[in-house]
Amino acid sequence: MAEEVISPDLGFVRDVIKSGGESLKKCFQCATCSVVCNVTPDNKPFPRKEMIHAQWGLKDKLFSNPDIWLCHQCSDCTVYCPRGAKPGEVLNAVRKLSIQHYSIPQFLGKAVGSPSYLVLLFAVPVVVLLLLLSSLGHLSLSAIPRGEDGGISYAKFIPAIYLEIIYGGISAFAALVLVAGIFRYWKDMVAGAGEARQKMLLKGSLIPTITATIAEILTHKRFQKCDVTKARYISHMLVFYGFIALAITALWAVVYLYGYEFFGIKATSIFHFGESPYPLTDPVKWLGNAGAIALLIGGYLVIKDRVNNKEKAGRGSYFDWIFITVVFVIAVTGILTELTRLADIAILAYPVYFVHLVFVFFLFAYAPFSKMAHMIYRAVAMVFAKHAEREVERG
Amino acid sequence: MEKKIGVYICSDCEIGKSLNIDSLVKVATKTKAPVVKTHPALCQKEGMDFIKNDMATEGVNAVVIAACSPRVNYDVFNLGIPLVERVNLREGVVWTHPPNNEDTQMMAEDYVRMGILKMQKMEAPEPYKVENLSKNVLIVGGGLAGITAANEAAKAGYDVFLVEKNDSLGGWMAKLYKQAPTEPPYTDLEEPLIKDLIKEIQQNQKVKIYTSSMIEKIEGGPGVYDVVVRQDGKVESFRAGAVVMAAGTIPYDATKIEHLGFGKYPNVVTNYMMEELASKGAIVRPSDSKPVKSVAFVLCAGQRDENYLPYCSATCCIESLKQAKYIRDQYPDSKVYIFYRDMRTPGHYEYFYKGIQNDAGIFLTKGDVKGITEDENKNLNIDIENTLIGEKIKVNVDLAVLATGIVPVTALGEEELPPGVKPGDEFIPYVMIETDILNLGYRQGGEVPVLINGYPDSNFICFPYETRRTGIYAAGSVRAPMDIPSTIEDATGAALKAIQCIEMTGRGEAVHPRAGDISYADFFMQKCTQCKRCTEECPFGAINEDEKANPLYNPTRCRRCAICLGACPERIISFKNYSVDMIGTMVKNIEVPPEEDEKPRAIVFACENDAYPALDMAGINRLQYNSFVRVIPLRCAGSMNLVWIADALSKGVDGILILGCQYGEDYQCHMATGSHLAKIRLSKVAETLDRLRLESGRVQMEQISISEYYKIPDILNNFMKKLEEFGPNPYKG
């Protein structure tokens, strides 16, 4: 390797330490971590090299490296580390900083990663939704119109069109930020890959690689290799598929709302085209409820595992916990929204729904800056590694 | 007074069950012992009373106890008389050989006979007492080690002379800005403790301090060292009993490590200079007084490198971590790089290392610093290979600090060999570097012999403080590279050794390893041929020479190893209780059965320090070995006189095996060169064997340490097998 002038970024070292990698400097480079890791490739394994790069504040080396995302934080390394340097936690902190680095505007990344901005970040959806409600005149319970059957109807509380505008808008913003981030990230990875890998990247279409990566994500193959935190395979899977189910539900609902005009199917079939709420017999309801329950159970297991493994794997950072909390609150409030509606407890139903909307806003709008972004960055890193033949199966 | 020998044979510990005690009594009687008795348990009170009764009523004044090894129960069998000999029937015979066996019995009988003959040839030693013994301790060097030794000796009630070359006390440690932590939690730097120690010693009435002074001459020996000190042109003399040499070290000359640019670039400094920079307050670099915001510490600079300093100086890792903290404490935005080869922070230092490591601004990596160059801003580019970051890296820094190692002042000169000895010779009796530290009046040279890298020779494992000059104890970093707490411990130990030496010399006793031995060598000068063998071969320089090359023996310098006894071709050197004649008589009286009996005989000359204990250990572990060997303990393998081999072979003994300590580079010999000398002498035996038309393989030497006792059966059995191959000694009968 060519000689290079190294200039440590002291600020970056401090950022890693502040972001949950406070044990970073304890590493003395024995490489136990790389030996015990089940998900690292054999050639130039992680996380030993990432540890010294982080210690030395060499952030470009870390960011341009898909390895930080190939790590699934099994925490096997953290358990076996003889110095208590917690490589799993350190890489998690590095990933957080990577997300903040690639997702612009960067001040939003800083804000999402720092508890001091929490109130401000929540204030945005609260204000937006309150302004909407006040303009609709729905700030008092009695003023909220009821559904056709006289029951609680959230579609009457806030007509779909407004939510579509707000949430469509923030989703589009998030998507744009993520695409821009991925674009820069890919460019950096290519630049940092070295000649041999750069050549490999030019070979063949990306499509089969992407397909293979998606298959790997859907099967959670990498999570199964973890030893210490094996249970995460289940909990993460539940959360993951819960999300997918709810995403499909949301799209399905859009089809219902605008689709009956095209399909001309009456609400009497099992598919209830038209405005929500839909009866419990509707397949969209089955999927949505199943997704919500998966998310709830998965979220609960995530929290339980993290608490149980605190000693071994580390307690996790604010960045992790804010994300977990938001997802869990969304699951809980989502289910309560439905239950209070069915029970017709208006005094609870509307506030719970409001909270639900605030948290969903938080999740969507700040997705590129929060841990949510991991699903995109990790997937991209996996595609890159696969295509550059970095990610080789261990024998 | 007429010697009246009493032989007491114990039958306890399986001796009575395994041997025919009556036959042993007969052997003893036949060997002309006037009193021969047996007892069921000599080491019990009844047994002791039994012997003491004979001493009182029958006038027995020389006791031979045929029981257990002389290495056990020596306190029990202390009868208050000098002539007590132990015949090792337990460990040496019944525990290592089949019971009620003809060969075992013959072995025991030989040992009883040899024990009695030994006693017959023995005289009661009387201690050598010097006149005008001085109990003062001379300490050479006023650094941490010297001051500590002086304080400790004074505290123990001894008057101390402390001689320091420089005009102030404290040595290198006085130049430290701070010292690495010695107390929990091992995170905070401490004020160098030397300041208090200097104050303490300056107020001590028992310590006379000579600064700006050099030792001009030290004559005499332990207890009677006559010292001449020169201070500002004036000369002063006094007598001291023992010497602590704590002359310290100097930094390795960093200009020799050319690729690191010291001397070429102003901003490359040594760790010693770094202390000065830190002591001045704001740490600025030499070239332009710019605050130092980035520093590279180059550890092992020229150290552990055969081209420069081949060893580790033991202190640099910690000192560099400490200096890194100087910078980091002063400039929070500074970057401190530490390039190490192996981070060596033993013991509690590990906590300090962890603390420094945990600082965000410290950048550590293993690596080899290949070169330092200067850029146009007088900044330094450091090239490092084999790093943990990747292969090669380069950093640009304001200042580079080289952790150059330490060189003991005993190494500052040319190595000189004794006359007639060339470098590369198989045996080099001693290596001398004339450094002007002690200026001893010894025939072998003015300083203590050095072993490796100019450090004083000593048995590093067993007696680290001992130099090869009795009564002179090296302490601190002149003895071996060491840190502050180790130096304090070392100097305290050396002071105690010096005091011990003075007290034992006062009683006429030897110091280690034959501690308490009151015998000393006697030279029958009429027959001396001035061959200089004894004066050259004495490992401790105990024997001076007059202008006619006559040996001048200094009993207080002597460690009673009897290497001179082995060396002397005229056999004029003897001890009251250890002589050529005595061992020779034992050798000649081993019963050698005629050839047709097919009972070969071999003599094992076993060094008392390790080989003989190993034989005992074999016994304690009930390891069985050949019954045809006869073990004769020697004070040191080097005390073996070739005449014994000639005596044995002409008597018909089939072979001789010498069991000695490891010799050579990592020698284990308690007398430094004894086992090597034995080996050299044996190589000369071949000539004698040729004259006798015998196979040279009949005389061999094996090296063994006490922990290798399990090898004893194999060594002895294999040797006997080899002798069988040679066939019987034709001189039998």
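The values are calculated or read from the model by the stated rules, or taken from the named source; none is laboratory data. Keep in mind the model is a prediction, meaning the values are calculated, not measured. As a convention, Cβ positions derive from the backbone with ideal geometry for all residues, glycine included, and neighbour counts pool all protein chains shown.
The table below gives the values:
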| quantity | calculated |
| --- | --- |
| Which numbered condition residue A:61 fails, given (1) facing another protein chain (nearest Cβ under 10 Å); (2) over 23 Å from residue A:388 (Cβ atoms) | (2) |
| Options B:294, B:279; residue that is within 10 Å of residue B:399 (Cβ to Cβ) and either in contact (Cβ under 8 Å) with a residue 24 or more places away in the chain or touching a Cys at 6+ places or on another chain (Cβ under 9 Å) (or both) | B:294 |
| Within the stretch B:1-26, tally of residues that are more than 20 Å from residue B:91 (Cα to Cα) and in contact with a helix residue (DSSP H, G or I) (Cβ under 8 Å, 6 or more places away or on another chain) | 3 |
| Among residues of the stretch B:355-384, those that are among the basic types (Lys, Arg) and either within 21 Å of residue B:284 (Cβ to Cβ) or buried (at least 18 other Cβ atoms within 10 Å of the Cβ) (or both), counted | 2 |
| Looking only at the stretch B:213-235, and only at residues there that are over 32 Å from the mean Cα position of the chain (by Cα) and in a loop (DSSP other than H, G, I, E, B), the one that is nearest to residue B:171 (Cα to Cα) | B:232 |
| Selection from the stretch A:68-85 of residues that are within 14 Å of chain B (Cβ to nearest Cβ) and closer than 20 Å to residue A:42 by Cα | A:81 |
| Condition met for residue A:392 (surrounded by 19 or more Cβ atoms within 10 Å (Cβ to Cβ) and either over 22 Å from the mean Cα position of the chain (by Cα) or modelled with pLDDT under 95 (or both)) | no |
| Criterion: at pLDDT 95 or above and either on the phi > 0 side of the Ramachandran plot or surrounded by fewer than 24 Cβ atoms within 10 Å (Cβ to Cβ) (or both) - qualifying residue of B:198, B:139, B:147 | B:198 |
| Residue match in the stretch B:329-349 (condition: under 42 Å from the mean Cα position of the chain (by Cα), exposed (fewer than 15 other Cβ atoms within 10 Å of the Cβ) and within 25 Å of residue B:268 (Cα to Cα)) | yes |
| Condition broken by residue B:319, with the remaining ones in (1) in contact (Cβ under 8 Å) with a residue 40 or more places away in the chain; (2) farther than 16 Å from residue B:298 by Cβ satisfied | (2) |
| Condition met for residue A:161 (part of a helix (DSSP H, G or I) and in contact with a Phe, Trp or Tyr (Cβ under 9 Å, 6 or more places away or on another chain)) | no |
| Evaluation of residue B:500 against (1) surrounded by fewer than 24 Cβ atoms within 10 Å (Cβ to Cβ); (2) at negative phi; (3) part of a loop (DSSP other than H, G, I, E, B); (4) out of contact with any Phe, Trp or Tyr (no Cβ under 8 Å at 6 or more places or on another chain) (one fails), failing number | (3) |
| Boolean, residue B:403 is touching a Cys at 6+ places or on another chain (Cβ under 6 Å), away from every other protein chain (no Cβ under 14 Å) and modelled with pLDDT of 95 or more | yes |
| Neighbours by Cβ (under 8 Å, 6+ apart or cross-chain): first from the stretch B:60-81, under 23 Å from residue B:606 (Cα atoms); second of a type in the set (S, T, N, Q) | B:67/B:73; B:68/B:88; B:69/B:88; B:70/B:88 |
| Failed criterion for residue A:37 (all others in (1) surrounded by 19 or more Cβ atoms within 10 Å (Cβ to Cβ); (2) touching a residue at least 60 places away in the same chain (Cβ under 8 Å) hold) | (2) |
| Condition met for residue A:94 (surrounded by fewer than 22 Cβ atoms within 10 Å (Cβ to Cβ), away from chain B (no Cβ under 14 Å) and not in a loop (DSSP other than H, G, I, E, B)) | no |
| Flag for residue B:408 being more than 9 Å from chain A (Cβ to nearest Cβ), free of Cβ contacts under 8 Å to residues at least 24 places away in the same chain, of a type outside the set (Phe, Trp, Tyr) and closer than 24 Å to residue B:305 by Cα | no |
| Residues (among the aliphatic types (A, V, I, L, M), within 8 Å of chain B (Cβ to nearest Cβ) and not in a helix (DSSP H, G or I)) located in the stretch A:1-55 | A:1, A:2, A:5, A:6 |
| Where residue B:387 falls short, out of the listed (1) buried (at least 17 other Cβ atoms within 10 Å of the Cβ); (2) in contact with a helix residue (DSSP H, G or I) (Cβ under 9 Å, 6 or more places away or on another chain); (3) modelled with pLDDT of 95 or more | (3) |
| Residue list for the stretch B:421-445, restricted to those being within 16 Å of residue B:219 (Cβ to Cβ) and in contact with a strand residue (DSSP E or B) (Cβ under 6 Å, 6 or more places away or on another chain) | B:438, B:439, B:440, B:441, B:443, B:445 |
| For residue B:710: the one exception among (1) in contact with a strand residue (DSSP E or B) (Cβ under 6 Å, 6 or more places away or on another chain); (2) surrounded by fewer than 23 Cβ atoms within 10 Å (Cβ to Cβ); (3) under 24 Å from residue B:104 (Cβ atoms) | (1) |
| Qualifying position, being within 30 Å of residue A:229 (Cα to Cα), of a type outside the set (Phe, Trp, Tyr) and either in contact with a Lys or Arg (Cβ under 8 Å, 6 or more places away or on another chain) or touching a residue at least 12 places away in the same chain (Cβ under 8 Å) (or both), among A:358, A:327 | A:327 |
| Residue within the stretch A:231-239 that is over 24 Å from residue A:287 (Cα atoms) and free of Cβ contacts under 8 Å to residues at least 12 places away in the same chain present | no |
| Top-ranked residue in the stretch B:490-531 [being among the basic types (Lys, Arg) and more than 20 Å from the chain's Cα centre (by Cα); ranked as farthest from residue B:580 (Cα to Cα)] | B:507 |
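Quick grid of which residues meet (1) over 27 Å from the mean Cα position of the chain (by Cα); (2) over 25 Å from residue B:510 (Cα atoms); (3) modelled with pLDDT of 95 or more:
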{"position": "B:639", "(1), (2), (3)": "no, no, yes"}
{"position": "B:657", "(1), (2), (3)": "no, yes, yes"}
{"position": "B:662", "(1), (2), (3)": "no, no, no"}
{"position": "B:686", "(1), (2), (3)": "yes, yes, no"}
{"position": "B:696", "(1), (2), (3)": "yes, yes, no"}
{"position": "B:716", "(1), (2), (3)": "yes, yes, yes"}
{"position": "B:727", "(1), (2), (3)": "yes, yes, no"}
{"position": "B:730", "(1), (2), (3)": "yes, yes, no"}
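Each row is one residue, and each column tells you yes or no for (1) crowded, with 17+ Cβ neighbours inside 10 Å; (2) of a type in the set (D, E, K, R); (3) assigned to a strand (DSSP E or B).
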| site | (1), (2), (3) |
| --- | --- |
| B:1 | no, no, no |
| B:27 | yes, no, no |
| B:33 | yes, no, no |
| B:64 | yes, no, yes |
| B:69 | yes, no, no |
| B:77 | yes, no, no |
| B:92 | yes, no, no |
